[in-house]
Structures are given as structure tokens and as C-alpha cells.
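Peer 1: Dropping the structure in here first, questions after.
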Amino acid sequence: MEHYRIETITILPGTAKDGRRESFDELTIRAGDTISIVGPTGSGKSALINDIEVFAQQDTVTGRTVLVNGEAPPEQICRDPANKPIAMIAQTSKCLADLQVRQFLEMHCAARGLDSAETVDETIALANEFTGEALGGEMRMTRLSGGQTRSLMVADALLVSNTPIILLDEVENAGIFKDRVIAKLREYGRAVLFVTHDPFVALLSDRRIVMRNGAVVSVLEPGGIEADTLAEVAAMDNRLHAIRERIRAGEILNGGV
């Protein structure tokens, strides 16, 4: 199913928790952008992506306005789930229906007007690129681990929903391969916003939105300045991943990790 074509998403300022107007003029998101949203707990990170997800029109607690291609979004993308161009993947994503993974994907393909014959297998294969815990089509959705669930949701957003914009709320907490997810999202040319506390995810992003007291306080675009820091953090992240997997395997760690 072909989506309404989105060139840009523009966020116009609202107000902070103290009622003061946010200091930015507008924030524009384009295809292929990778943007992290950072700040202390309670700073308004999730509220920002919620505003984008619902195409806020000064009707949320923040008072922000979200424009699509410079205009108010059309009804077809606001009200029709089959045409919604945004996929939101939250850290608490869980399927309530006790379906097999294959059944879940087949139902979603049918809702999107897709032939499920190849799409289901491709989606499962892609999900397995993002998690070290093997994911099979006969598994029950309600019994998937956090990493398996989030990996499947990212793959589903890319291949089934095929949405141009993906919002990820602290997805790193699920134990997925973050660098692989970001590389694949870039390969598919999707605009991606990460709510994150993870320095590796933040450094991998092209831009960082910094939040405080419910407001956007700055937008950083480091370019290549942070390349050395990214390399250091990537090495740390790889080391921590190796330690995590050894602990999961039941090893006793005694130095030399």
C-alpha cells in the first residue's frame, strides 16, 4: 500500500513545564535523518515523540504543532491506521493476543494489503539480524523476550508498515544490536527519532535534541567532531556486550574480559 508522501515533518514550539515558550523557531525532520532525544528522566523526551506520533495541533499538554510538508496533516494519515506514516516502538511494547509470530505478521500484512507469502519470512529474517536470541515464526508473541519483541517490531515497521518515520522510545533497554538497527534504518532511508539514555545511540545519531523541564533547549549537530569519542564508546559497548553474553551463558568472570 502506498503511503501519503512525506517530505518533511516540522515541529513548531510549545511551552515548557513552567509555561515559558520553547526557544527554538522550528525543528524539521527529513527522510534519512537519525535524531536522538536526550535529557534527564522527566525532561519531556517521550512527550516530544508522542506529539509527533499524534500530529499535535496545539491539542496536547505541550501546546506544540506538528506540520507535514509545511501544512496541517491531512485526515487520511491522522485517522486511518492503514495510512499512518509513523511507527512508534515503545520500551514496553507487548502483544496482548496470544498469536504465533507468523500469524501476527500475516494479519498485519492483510491489514496493509500486502502479499504475506514472502514478506513474513523476510521480516522474521530481518528481526533475527537485530537480536542474539533466535526468533521463529511458530513462537508465541506473548512469550517473546524484550529483545525479540523490539527486534520484531523494528523489522515489522520497515517491511510491513513500511512507514517513512520511526519513533523508538528507549529501545536500547531491550538488549538489541543497536548499531545494526541504526545501520539498517539508514539503509532504508527512514527518518528515525530515538529517545535514549545510551551514549552509543546518541553518538551514532546525526543530530541530538536536548530536553529540559519539558522543553527543547538545544539541537546539536556535531558532524565528525565526535568520531574519536564514538570509536571509544563503540569499543566499550562491544566489550559490555561480550560480558553480558558470557554472564547469560553462566560463566564466572575473573578478569581478562
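Peer 1: Gain in length, Ala110 to Val217, computed as 0.36 nm per residue apart minus the alpha-carbon separation, to one decimal in nm?
Peer 2: 34.3 nm
Peer 1: Of Met141, Met211, Met107, which is the most mobile in a GNM of the chain whose springs link Cα atoms less than 10 angstrom apart?
Peer 2: Met107
Peer 1: Starting from the alpha-carbon convex hull of the chain, give the projected area averaged over all orientations, in nm².
Peer 2: 15.1
Peer 1: Under 10 Å, Cα contacts only: if you run a Gaussian network model on the chain, which one of Ile49, Ile243, Ile209 comes out with the highest mean-square fluctuation?
Peer 2: Looking only at Ile49, Ile243, Ile209, the largest GNM fluctuation is found for Ile243.
Peer 1: Let me make sure I get this right: for region 155-254, a, b and c are the square roots of the gyration tensor eigenvalues over alpha carbons, sorted descending. Under 1.5 in a/c it's rounded, otherwise prolate if a/b > b/c, else oblate. Which is it?
Peer 2: It is oblate, given that a/c is not under 1.5 and a/b is not larger than b/c.
Peer 1: Let me ask something else about it. To the nearest Å, what is the center-to-center distance of region 119-160 and region 179-257, using C-alpha atoms only?
Peer 2: Using only Cα atoms, the two centres lie 21 Å from each other.
Peer 1: Continuing with the same structure: With θ taken as phi - 60° and the coefficients 6.51, -1.76 and 1.60, list the Karplus ³J(HN,Hα) couplings across region 205-210 in order, rounded to whole Hz; mark glycine and proline as x.
Peer 2: Listing the rounded values in order: 7, 6, 9, 10, 9, 9 Hz.
Peer 1: On to the next question. Modelled label-to-label distance, Gln100 and Thr10, 7 Å Cα→beta-carbon offset: nm?
Peer 2: Between Gln100 and Thr10, the label points sit 4.9 nm apart.
Peer 1: Enumerate the amide H contacts of Met88 below 5 Å, restricted to partners 5 or more residues apart or on another chain; note that Pro and chain-start residues carry no placed amide H.
Peer 2: Leu167
Peer 1: In addition: Taking the chain as a Gaussian network, where each spring joins two C-alpha atoms under 10 Å apart, which residue of Glu53, Glu133, Glu26 fluctuates the most?
Peer 2: Glu26
Peer 1: With a 1.4 Å probe and all protein chains left in place, how much of the accessible area of the chain comes from carbon and sulfur atoms, in whole percent?
Peer 2: Reported share for carbon and sulfur atoms: 50 percent.
Peer 1: When the Karplus curve 6.51 cos²θ - 1.76 cosθ + 1.60 is applied with θ = phi - 60°, which whole-Hz ³J(HN,Hα) does each residue of region 18-23 get, with x for Gly and Pro?
Peer 2: Each residue of region 18-23 in turn: 8, x, 6, 5, 4, 8 Hz.
Peer 1: Okay, next question. Cut-off under 16 Å on the C-alpha distance; same-chain residues fewer than 8 positions from Lys184 excluded. Which aspartates and glutamates are left, in chain and number order?
Peer 2: Leaving aside aspartates and glutamates fewer than 8 places away in the same chain, those within reach of Lys184 are Asp33, Glu122, Glu129, Asp156, Glu172, Asp206.
Peer 1: Sticking with this one: Just for the chain, what percent of DSSP beta bridges are antiparallel, to the closest 5?
Peer 2: 50
The values are calculated or read from the model by the stated rules, or taken from the named source; none is laboratory data. The shown structure was predicted, so the numbers you read here are calculated from the model rather than taken from an experiment. Ideal geometry is used to build each Cβ from the backbone, glycine not excepted, and the neighbour counts take in all protein chains shown. Just so you know, the surface numbers come from the protein's heavy atoms only, side chains and all, with ligands and any DNA or RNA stripped out. Shrake-Rupley method; radii C 1.70, N 1.55, O 1.52, S 1.80 Å.
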